[in-house]
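FYI, it's all coordinate maths here, none of it is from the lab. For clarity, every value in this text was computed on a predicted model and none was experimentally measured. Here Cβ is always computed from backbone atoms with ideal geometry, including for glycine, and neighbour counts include all displayed protein chains.
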Amino acid sequence: MSASPQKIRILGAGVAGLTAAYEFAMAGQTVEIVERQAGPGLGCSHFAGGMLAPWCEAESAPPLVVEWGLEGLAFWSETLKLAVVNGSLLVAPARDRADLMRFSRRTSGFEWLDADQLAMREPHLGGRFDRALFFPGEAHLDPREAIDRLAQRLRQFDRVRFRFNTTAEDANEPADWIIDCRGIVAKDALADLRGVKGEMLVVKTAEVSFERPVQLLHPRHPVYVVPRGDGRFMVGATAIENEEPPRVTARSVLELLSAVYALHPAFGEAEIVETGADLRPAFPDNLPRIRREGRMLYINGLYRHGFLLAPALARRAVAVALKDETFPEVMDANPRQRQSA
């Protein structure tokens with residue numbers, strides 16, 4: 001690493017930008033975080049589910065997501081100690097047992113639970129499902145609390161400065177490196193970036209309590225439910241291939257509520273306390289990228305794996321900028337050629 005601190009300007013104060021700021025600050029650099037919103041984490045990070053489930057992701061994601069997701073799990077649970085590691089559950093109605101078996105064949109790190117074992121871990125699911133997959137090493141966090149706590153940690157560094165209500169164009173003072181973590185806003189520079197709309201609900205009920213995230217395999221509308229405390233549950237999430245201004249549709253609300261009602265009928269009487277939507281940034285293969293153009297790095301394309309993958313990408317961005325390392329699995333050899341293809 002450089003003997004004297006370099007000035008690192010980070011564009012965007014979502015989970016990607018804040019984890020990058022943390023890693024650069026830990027490396028002894030001077031960090032300026034520029035955010036167009038009035039505070040940190042008000043974009044996609046604000047509507048994240050907060051599940052840290054690398055083993056579950058193996059069912060549909062490439063090995064890189066699982067491997068780097070384990071780094072993210074350790075970052076949130078061990079480094080920052082903001083995540084609760086008490087596992088996650090996957091259930092399915094009896095008629096969809098084949099889907100549960102298929103899921104198990106494509107994943108690892110789980111235990112099979114029978115009805116009694118499931119009831120011991122989550123009493124409110126007792127009698128509703130006769131089998132479940134339990135992933136004991138997985139974790140969850142409250143994304144908004146995690147963003148706030150990480151921002152507080154960054155403010156403790158003498159060499160870290162936040163600039164809110166400031167666009168990238170307004171922050172034009174010299175910097176040694178610019179790290180662009182603007183998510184879908186960076187589509188002006190990354191032509192192959194696309195938005196995938198995600199919608200979510202927060203419901204509140206005193207009739208159900210979960211200690212850990214529960215995913216329901218559903219033939220049409222799979223759903224996950226993440227406890228947020230005080231009887232609140234985050235219910236998510238849709239994945240819609242469009243880039244319209246984020247809005248929650250009646251169809252999506254009906255689909256999410258129908259699926260969560262199948263998980264437990266008491267959710268039918270729950271109060272809907274929040275709805276939300278935003279555009280997740282993704283590349284065509286749904287894998288993230290670190291793209292280098294001179295003294296600028298783009299960290300983007302985290303899709304629906306923002307909290308899971310951001311720490312691993314942040315560490316590698318530091319290695320690229322300060323050690324001139326390369327990571328072919330996420331760095332395009334000819335980025336401009338790839339974008340125009």
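Quick look at the values:
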| quantity | calculated |
| --- | --- |
| Cα-centred dipole magnitude for region 47-202, charges only on beta-carbon of K, R (+1) and D, E (-1), debye, nearest 20 | 240 |
| Rg ratio (alpha-carbon, reference 2.2 N^0.38 Å) - region 43-136 | 1.18 |
| Relative packing of 183-195, 161-173, which averages over residues the other C-beta atoms within 10 Å, highest first | 183-195, 161-173 |
| Largest-first ellipsoid semi-axes for region 223-265, taking √(5λ) over the Cα gyration tensor eigenvalues, angstrom | 22, 13, 9 |
| Antiparallel DSSP beta bridges within the chain, as percent of all bridges there, nearest 5 | 70 |
| Convex hull volume of region 160-230 per residue (C-alpha atoms, cubic angstrom) | 213 |
| Overall dimensions of region 156-312 as given by Cα atoms, namely Rg and Dmax in Å | 18.9, 58 |
| Taking Phe110, Phe327 and counting other C-beta atoms within 10 Å, the order from fewest to most | Phe327, Phe110 |
| Radius ratio Rg over Rh of region 98-229, counting only Cα atoms, Kirkwood formula for Rh | 1.09 |
| Dipole magnitude of the chain about its Cα centre (Cβ charges: Lys, Arg +1; Asp, Glu -1), debye to nearest 20 | 400 |
| Between region 206-228 and region 88-131, the alpha-carbon center distance in angstrom | 12 |
| Per-bin percent of Cα-Cα distances, region 204-293 [5 Å] | 3, 12, 21, 21, 17, 12, 7, 5, 2, 1, 0 |
| His218 long-range amide H proximity, modeled H, under 5 Å | Val223 |
| Within region 33-75: backbone nitrogen closer than 19 Å to the Ser104 label point (7 Å, Cα to C-beta) | 55-60 |
| Diffusion coefficient, µm² s⁻¹, Stokes-Einstein with Kirkwood Rh over alpha-carbon pairs of region 128-206 at 25 °C and 0.890 mPa s | 137 |
| Column: log10 I(q)/I(0), Debye, Cα scatterers of the chain, q = 0.06 Å⁻¹ | -0.22 |
| Tyr224, Tyr261, Tyr298 arranged by Cβ crowding within 10 Å, fewest neighbours leading | Tyr261, Tyr298, Tyr224 |
| Rg over Rh, two decimals, region 1-83 (C-alpha only, Kirkwood Rh) | 1.03 |
